[in-house]
Each structure stands twice: as structure tokens, then as C-alpha cells.
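Asks: Following this message is one structure expressed as C-alpha cells.
The values are calculated or read from the model by the stated rules, or taken from the named source; none is laboratory data. Owing to the predicted nature of the structure, the values given are computational and were not obtained by experimental measurement. As a convention, Cβ positions derive from the backbone with ideal geometry for all residues, glycine included, and neighbour counts pool all protein chains shown.
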Amino acid sequence: MHPLRKRRLLVVVFILVVSSIGVALATYALRQNMNLFYTPSQVAADTVPGDVRIRVGGMVVRGSLTRTPGDLGVSFRLTDGNDELLVHYTGILPDLFGEGEAAVAAGYLRSGRTLEADQVLAKHDENYTPPEVADAMKTGHAARAARDAGAQGSSAP
Amino acid sequence: MIPEYGHFALILALCLSLVLAVVPMLGATLGRPLWMASARPLAFGQLVLVAISFGCLAAAFLGDDFSVRYVAQNGNSLLPVYYKISAVWGAHEGSLLLWVLVLAGWTAAVAAFSRELPPELVARVLAVMGMIAVGFHLFLLLTSNPFERLLPMAPAEGRDLNPLLQDFGLIVHPPLLYMGYVGLSVPFAFAIAALLGGRMDVAWTRWTRPWTNIAWAFLTIGITLGSWWAYYELGWGGWWFWDPVENASFMPWLIATALVHSLAVTEKRGLFRGWTLLLAIFAFALSLLGTFMVRSGVLTSVHAFASDPTRGVFVLAFLGVVIGGSLLLYGLRAPALRVPASFGWRSREAFVLANNGLLAVITAVILLGTLYPLVADVMGWGKISVGPPYFNSFFVPLTLALALLMGIGALLQWKDSAPAPMARAAGLGALVAVPAAGLLPWLWGSWQWGAALALAATAWIAALTVRDLWRKSAFAPSRWQGLQRLRGGYWGMVCAHLGIAVAIAGAGVASSYSVQQDVRMEPGDTQVVAGYEFRFDGVTARDGPNYHAQIGAFDVRRDGHPVAHLEPEKRRYQGGQVMTEAGIDAGLGRDLYVVLGEPLDDTAWAVRLHVKPLVRWLWLGGALIAIGAVVAVGDRRYRRPVPVRAAVSANVVGP
């Protein structure tokens, strides 16, 4: 083979091998570090794996915020209008965190229906709701409405 | 009436940009000198009109004209004057107007400083920039008009600027970042003009390089300021979150960095022409993509002002036209610009190629991690976020590889170098880097891998750069004269490479040795963090111009000696928003960083205490990189007219 062609072939093969290794690694790393978003209803329905980091979003239920005396532990409940999820967190809550406001908590599910959060995010501006939470609220309310309608339907003769 | 004048000026600017996009381009194709010559006055006229429009919006803010919807949503009569002005670009519409103003400014600057360029090239470059302006003017006027009125029901008071944005960082961060983003339209326009004209000669590269450098410098400063702002304003003590918005500005920076290096090879050796053009196209395409992601509301962040689907569709369509059109043009015309390359692997070309390859890979990885959640959402695969570990696991090793190459590559010769000097240089570098990795981390009390690798990379780059400086200045009667004889381009490179070294040290040490404690503190309590004793002296109330603040007092001592007095604040703005202002004692060696969390009971507060070593070095490094880029532009060869004979046609190999 012509030396120039041979060199080019080598370069092309090298690029192909390196880039396919790269793509494989990137995809693997991406899968390892993805945090899926769930709604409290999905957590309640047991569709969520227990050993991966997840994010759960919803509105903080009014009156549900309690503090552990003596340290920085807090717990609160998140709702999507249909189901609720208890969240534990130790640390400082963000400025715009508040009862009746949207929040997203990230962490691991422990013993069934408690989220051990290592991160709590709140909205960052007065008029803003994270799109995930807005969606979750919409589907949550719809599910609630459907359930109520179903309950009424079955109680009717 | 003032807002109507602004609106009218904007419409006139659109008309001028339409003419600018069409007439000079036709003139260059048909060989009509007058048509081509119309580009300059049109560019100046566009700048004047957009500036008038921008001035009108600023006047509406200063005059508290709340009948203008945008002013009513983002202004407030109690805002200090400087925030009233920065509120102009505090939200979507106004920031787009700023974008258009910056674009008009760059276009006029190209028109003003291109007297020695061939008229066809100038006409094409300005016309391409005119086309971009048409897109943005239309976007502004059709989907995001900042001059829309709220009549007859004008509110008495504005809703106020988001408190997060009431800050010095926000006054300067967006304009500088935009200067960088939009500045990349200049090399893009030069690339398109080269493809259209089928010529890419030494004159072309000499003209493109300074513009690219300046845009890159602005982008560097913009990103650095963004990181600094996030650090002190968000109150988390972090300086980089791999947030999609940060990535949106970082990707064009990476590609522009590759472009800056590739242009050097194109100028000096006439090689990598197609690659240089491709990088110029991608750098601008990524800044448009950044605009799309940030402004269309698909992202959850401080920057996502509005989720108006028509805006997203418009930017996406615009993006498609620009990227699709320029890649099509590239596919058709670039093969004609090919020149056969020949260089050995120990040459500067080979190392620049490797640098470009690594930068492209880093960009691709970041792009994947940034776009995947968006694609997954659209495709219904669930709502996903990609965590920082993904980005770090690629970025850190690839950056270390870049540092390794950077140290050697900068001192190699073009075409090929002898093996022995390269081996000697590598030996010296290793001689400095290995002890640095072994010993320097102990300055912070313990030995950690991350910090050791970062410090080794820093020592490696610094040692090899300084050694090269020493050797290059040896051929003169005195050392001082030798240093003076070195060219601006070389000094720029030295400065920027040292900037990278400084930033790597800052990132490595700050990541490894930062200590953070979230604690509950009563007045009088003392907490020890990394050898510093933080004493909490309680909280007092004070009022600002448009907020109430609670100000904590912290007395910091080390071994009994007073070090700093910090006053972090908790502010409640009139709109009811709560903001944290960190108390920071900044230092070259370490930052002390205190944040008031929330009141827990009568007197106790949740408090976050940080000690962050070398964190300032990150931003210092960014500043050095930008200074290097500007110093390189001062090189005298860019001010000398390029001799006509040096301008070889694209199909002929340069000597």
C-alpha cells in the first residue's frame, strides 16, 4: 500500500477505535449519573427502584414542616395533589423554600415511603414553578379527579 | 412617546439589516463596487438605530414608565439608578435587545477596522453579520417586543427586579458574556465569506485571528464572572455546577479555544483550513444553541425567563437555518480549500491537532450530558437530570491530558522537532511536577490524589513555560532586552497558558480541601472549621433601599488572633423574596465564607461555614487567560498591512 494511504488508514482506524470507546464510556457514565424525576404518586405506587438516586418534586404540604430540636434536621411532605411523600433532610434549606411552594428533593428512598434527601431545591423566583413540578401537579390533580369521579361512579347505584 | 421611538428605531434597524444582508452580498457576486461599498454605512446606521432603541428602553426604566410591560415587570421606582440600568437586560426581552446592540456594535467595529481588506471580503462578512441581525431583529420584534405597552391599565409600581440579579456581578456579567457570544459571529462571518469567495489566504487569517481572540477574551471573562457571581450570590459556596446554562456558555468557549489554536496553524503553516472553518462555524452555532437553551425556557434556571413556545420554535428554526446552511456551504466549498499536510508527530501542528481533538471530545461529552435530558423529555423517556459526577469523570482526566500536551506542545517547532530537546524538556517538567505532586498537597494538611494531580499539572505547565521563556530570551545582549524582543503573540500564549495552570491549581485544591459545616449556632457559640474559630455574635436588623436585612456578626480568629469580621445578610425584598448575601473574607490563599441559613428558634440560627483554599485562583486564572488573548492581539504583525504577495490563493501551498 502507498505509505500515505497506509498512514491515512491507520489514522482513520485509530479515530474510529478511540471514538467508539469514548462513546461507550460516555453512555455508561451517563447511565450511572442520571437522576430520574418521579412524582409522589409514582413513589406511592412502588414503581421506583430503591437503590438509585432519584428526584421527587411537588408542593410542600402546609403545616408539614418539622424541625429536629438541637440540630439541623428537618422533615416535610411533598404532594402532587394525589399522594404525599415524606422527606428527611439535614442542612440548610434554600431561601425560597416554603410551605405551599414548589420544591424538588434529591436523594435515596429508605424503608418504603421516605426520601432521605441530600439536596433540596426550591424555585428561584416568585412567579416560577419548575416545569417538572408543574407537570406533576397537573397529572396528580387529574389522577385525583379521576379517582374521585370513579368513587362517585361506584357509589352510584 | 419615548418607548414608541425605541420601537420605531428597532423597526428601522431591521430594514437596514435586511438591505445589509442582501445588497453587499449581491454586489460581491456581481462585482458592483457601489453595492459592496454600501455595507459600511449600513452597518454604522444599524448601530446608531439599535443604540437609540436601547437608550429608549433605558430611559423608560430611569423614568419609571410602568406603562411599558417590560418595565412594569422588572423595574421598581425604589431601585438604585445602577440597577435600573442593569434591569434593562435583567429579563428576556431586554437581554435580547442587548444581544442585538452588541451584534450591531461588532458589525460596526468590523466595518470600521477593515479598511485594508479586499472589498469583496468586507462586503460578504458584513452581509453575513447582517443576516444574523435580521434573524435577531425579527425574533425581537415578533416574539419579544420590549416596548409593548400596558395601556390603559398601567400599574402604579413595578414588580421589581429579581433580587438575585440586583448585584454588581449582574451589571457586568451579561454584557461581557454577550460580547463573547456575539463576537464569535465575526469569525463565523469570515468563515462563510471565505467559503463563498473560495479564498482563504494569509490576509484572511491575519484578520480573523485578532477578532477571534477578542471575542474569546470576552467569553473567558464572562464565564469567569458568572462563576464568581454564582459563588458569592447563590450562597452555596460552589463555583461550577455543570448547570446546563453554564455548559451553554462553556461549550462555545471550548470550541473557540480550539479555534484560536487552529487559526495559529492556519496562519503560520497554511494547514487545517477546513478544520478552522468548521470550528468557526461550530463556535457560533454553539453560542446560538446556548441562546436557544437559555432563553427558550426549556431549562430550569435563573436564566430561563419565560416559557413561551413560539420563542423556542423561532430560535430552533433560526438555529436550523444557520447550522444547516453553513454546513451545506461547507460541504460544497471546503474541499476546494484543501492543502496536503505534512508534519511529524513531534511538531507543533501535531500537538495543536491533539489539543483540538481533546477540546472537541470534551465539548461533545458536555453536549451529550446537556442535551440528553432535553431529548429524553421530548421523547417521553422520563424526566432526567445528569449529575456533576458524569461531567467531572470526563472533564478532569481530559483536562489533565490537555495540560500534559500543553506543556510540551508550546515549545516544539513547526513541521518537526528533534527528539532530544523534547525529551530534555519532558525530563525537566517531570523533575518539577513529581515533587510538586508529592509535597505541595501537604501544605493543606493531608495528601489527596485530586489535588496532587492538579498541582503536578500546574507545576508541569509553569516549569515548561518559564523554561521556554528563559531559552527564547537568551539570544540578546541582556536578558531584559531578550524578553523585550519577544513578540506579543508569544507573550499572550505564555500568559494564557500560565492562566490555565493557575486555574487548574485553584480547581484542584479548592475541590479537595474545602471544608463546609452546616451547624446550629446560638449567639456566643464558637465553631472551629479547618483551624479557624468562628464566633457568632447574634443578628441585628437593618433596612436597605428596597429590602429589610438581618445581619449576622461573626468574629473569626485563628490561634486566638483576630482574622476577620464577617457580616452575612438575610434580606427580604419588597416583593417578599428572601435572599442570602454571603459574608466573605477573600484571600489569595483561602476564602472564609459564612452564610446565614434560617432562624431556628428565638436566637439560634442555621449557619453554613466554609473554608475554601485557593478558590480565588480559579478566577485569577480566567483573568490571566483573557489578558493573554488581548496581549496576543497587540502583536505588531496584526497592525502591519499584509503584503499583497504573501496572499496566496487557496489552491497553492504556501512556502
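Asks: Being more than 28 Å from B:PRO163 (Cβ to Cβ), of a type in the set (Gly, Ala, Ser) and in contact with a Lys or Arg (Cβ under 8 Å, 6 or more places away or on another chain) is true for just one of B:GLY531, B:GLY560, B:GLY589. Which residue is that?
Replies: B:GLY531
Asks: Out of the residues in segment B:556-594 that are touching a Leu at 6+ places or on another chain (Cβ under 8 Å) and closer than 15 Å to B:GLN527 by Cα, which is farthest from the other protein chains (Cβ to nearest Cβ)?
Replies: Selected residue: B:VAL563.
Asks: On the given criteria, is B:GLY560 surrounded by fewer than 18 Cβ atoms within 10 Å (Cβ to Cβ) and on the phi > 0 side of the Ramachandran plot?
Replies: Yes: the conditions hold for B:GLY560.
Asks: Here is a further query. For segment B:500-536, enumerate the residues that are surrounded by 15 or more Cβ atoms within 10 Å (Cβ to Cβ) and free of Cβ contacts under 8 Å to residues at least 40 places away in the same chain.
Replies: Once the filter is applied, which keeps residues that are surrounded by 15 or more Cβ atoms within 10 Å (Cβ to Cβ) and free of Cβ contacts under 8 Å to residues at least 40 places away in the same chain, segment B:500-536 yields B:ASP525, B:GLU533, B:ARG535.
Asks: Against the condition in contact (Cβ under 8 Å) with a residue 12 or more places away in the chain, polar (S, T, N, Q) and farther than 22 Å from B:ALA632 by Cβ, how does B:ASN213 come out, does it pass?
Replies: Working: in contact (Cβ under 8 Å) with a residue 12 or more places away in the chain: yes; polar (S, T, N, Q): yes; farther than 22 Å from B:ALA632 by Cβ: no.
No, not satisfied.
Asks: Quickly run through segment B:351-373 and pick out the residues that are surrounded by 20 or more Cβ atoms within 10 Å (Cβ to Cβ) and among the aliphatic types (A, V, I, L, M).
Replies: B:VAL352, B:LEU353, B:LEU359, B:ILE362, B:VAL365, B:ILE366
Asks: Now, a different point. For residues in segment B:388-416 being small (Gly, Ala, Ser) and either within 14 Å of chain A (Cβ to nearest Cβ) or under 22 Å from B:GLU246 (Cβ atoms) (or both), which is surrounded by the most Cβ atoms within 10 Å (Cβ to Cβ)?
Replies: The residue in question is B:ALA403.
Asks: Tally the residues that are over 13 Å from B:TYR593 (Cα atoms) and among the acidic types (Asp, Glu), restricting the search to segment B:518-541.
Replies: Adding up the residues that qualify gives 3.
Asks: Here is a check on your reading of the model: is B:GLU120 surrounded by 17 or more Cβ atoms within 10 Å (Cβ to Cβ) and modelled with pLDDT under 95?
Replies: Yes: the conditions hold for B:GLU120.
Asks: Name the residue that is nearest to the other protein chains (Cβ to nearest Cβ), counting only residues in segment B:595-605 that are part of a strand (DSSP E or B) and farther than 19 Å from B:GLU533 by Cβ.
Replies: Across segment B:595-605, the extreme among qualifying residues is B:GLY597.
Asks: Then there is this: Among the aliphatic types (A, V, I, L, M), in a helix (DSSP H, G or I) and closer than 22 Å to B:SER185 by Cβ, is that true of B:LEU14?
Replies: The answer is yes for B:LEU14.
Asks: Only one residue in B:ILE171, B:ILE192 is part of a helix (DSSP H, G or I), outside the structural domain of B:ASP64 (by TED's automatic domain parsing) and farther than 19 Å from B:ALA283 by Cβ. Which one?
Replies: Going through B:ILE171, B:ILE192 in turn, just one is part of a helix (DSSP H, G or I), outside the structural domain of B:ASP64 (by TED's automatic domain parsing) and farther than 19 Å from B:ALA283 by Cβ: B:ILE171.
Asks: Separate question: Taking B:GLY158 as the residue in question, decide whether it is assigned to a helix (DSSP H, G or I) and either touching a helix residue (DSSP H, G or I) at 6+ places or on another chain (Cβ under 9 Å) or more than 27 Å from B:THR224 (Cα to Cα) (or both). It would help to see each step written out before you state the result.
Replies: Values: assigned to a helix (DSSP H, G or I): no; either touching a helix residue (DSSP H, G or I) at 6+ places or on another chain (Cβ under 9 Å) or more than 27 Å from B:THR224 (Cα to Cα) (or both): yes.
No.
Asks: Quick one: what pairs do we get from segment B:617-634, first residue on the phi < 0 side of the Ramachandran plot, second surrounded by fewer than 20 Cβ atoms within 10 Å (Cβ to Cβ) and charged (D, E, K, R), C-beta under 7 Å, 6+ apart or different chains?
Replies: Qualifying pairs under 7 Å: none.
Asks: Which condition from (1) within 14 Å of chain A (Cβ to nearest Cβ); (2) modelled with pLDDT under 90; (3) surrounded by fewer than 17 Cβ atoms within 10 Å (Cβ to Cβ) is the one that B:PRO419 breaks?
Replies: Among (1) within 14 Å of chain A (Cβ to nearest Cβ); (2) modelled with pLDDT under 90; (3) surrounded by fewer than 17 Cβ atoms within 10 Å (Cβ to Cβ), the lone unmet condition for B:PRO419 is (1).
A quick yes/no check of all residues on (1) surrounded by fewer than 21 Cβ atoms within 10 Å (Cβ to Cβ); (2) more than 12 Å from the chain's Cα centre (by Cα); (3) in contact (Cβ under 8 Å) with a residue 12 or more places away in the chain; (4) within 14 Å of chain A (Cβ to nearest Cβ):
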{"site": "B:ASP160", "(1), (2), (3), (4)": "no, yes, yes, yes"}
{"site": "B:PRO163", "(1), (2), (3), (4)": "no, yes, yes, yes"}
{"site": "B:HIS173", "(1), (2), (3), (4)": "no, no, yes, no"}
{"site": "B:ALA189", "(1), (2), (3), (4)": "no, yes, yes, no"}
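Asks: Could you say which residue among B:LEU464, B:LEU469, B:LEU498, B:LEU439 is closer than 19 Å to B:ASP635 by Cα and either more than 25 Å from the chain's Cα centre (by Cα) or within 14 Å of chain A (Cβ to nearest Cβ) (or both)?
Replies: Step by step, each of B:LEU464, B:LEU469, B:LEU498, B:LEU439 is checked, and only B:LEU469 is closer than 19 Å to B:ASP635 by Cα and either more than 25 Å from the chain's Cα centre (by Cα) or within 14 Å of chain A (Cβ to nearest Cβ) (or both).
Asks: Can you report the number of residues in segment B:238-269 which are farther than 19 Å from B:PHE391 by Cβ and out of contact with any Pro (no Cβ under 9 Å at 6 or more places or on another chain)?
Replies: Residues that pass the stated criteria total 9.
Asks: Please go through segment A:48-95 and pick out each residue that is aromatic (Phe, Trp, Tyr) and within 11 Å of chain B (Cβ to nearest Cβ).
Replies: Result: A:TYR89, single match.
Asks: Considering only residues of segment B:497-537 that are among the hydroxyl-bearing types (Ser, Thr, Tyr) and out of contact with any helix residue (DSSP H, G or I) (no Cβ under 7 Å at 6 or more places or on another chain), which is farthest from B:LEU588 (Cα to Cα)?
Replies: Ranking the candidates gives B:THR526 first.
Asks: If you check A:ALA45, A:ALA24, which single one turns out to be more than 13 Å from chain B (Cβ to nearest Cβ) and loosely packed, with under 15 Cβ neighbours inside 10 Å?
Replies: Only one candidate passes the filter, namely A:ALA45.
Asks: Hey, any hits in segment B:111-118 for a residue that's more than 30 Å from B:HIS548 (Cα to Cα), assigned by TED's automatic domain parsing to the domain that holds B:PRO152, of a type in the set (Ser, Thr, Tyr) and in contact (Cβ under 8 Å) with a residue 40 or more places away in the chain?
Replies: Looking through segment B:111-118, at least one residue is more than 30 Å from B:HIS548 (Cα to Cα), assigned by TED's automatic domain parsing to the domain that holds B:PRO152, of a type in the set (Ser, Thr, Tyr) and in contact (Cβ under 8 Å) with a residue 40 or more places away in the chain.
Asks: Tell me the residue from B:GLY235, B:GLY226, B:GLY180 that is within 14 Å of chain A (Cβ to nearest Cβ) and either touching a strand residue (DSSP E or B) at 6+ places or on another chain (Cβ under 8 Å) or in a helix (DSSP H, G or I) (or both), please. Quick ask: steps written out before the conclusion?
Replies: Values: B:GLY226 fails: within 14 Å of chain A (Cβ to nearest Cβ); B:GLY180 fails: within 14 Å of chain A (Cβ to nearest Cβ).
Of the residues listed, the single one that is within 14 Å of chain A (Cβ to nearest Cβ) and either touching a strand residue (DSSP E or B) at 6+ places or on another chain (Cβ under 8 Å) or in a helix (DSSP H, G or I) (or both) is B:GLY235.
Asks: Further question: For B:ALA104, all conditions in the list (1) small (Gly, Ala, Ser); (2) closer than 19 Å to B:SER38 by Cβ; (3) modelled with pLDDT under 95 hold save one; what is the number of the exception?
Replies: Status for B:ALA104: all satisfied but (3).
Asks: Filter segment B:1-53 down to the residues that are out of contact with any helix residue (DSSP H, G or I) (no Cβ under 8 Å at 6 or more places or on another chain) and among the aliphatic types (A, V, I, L, M), then identify the one that is modelled with the lowest pLDDT.
Replies: B:MET1
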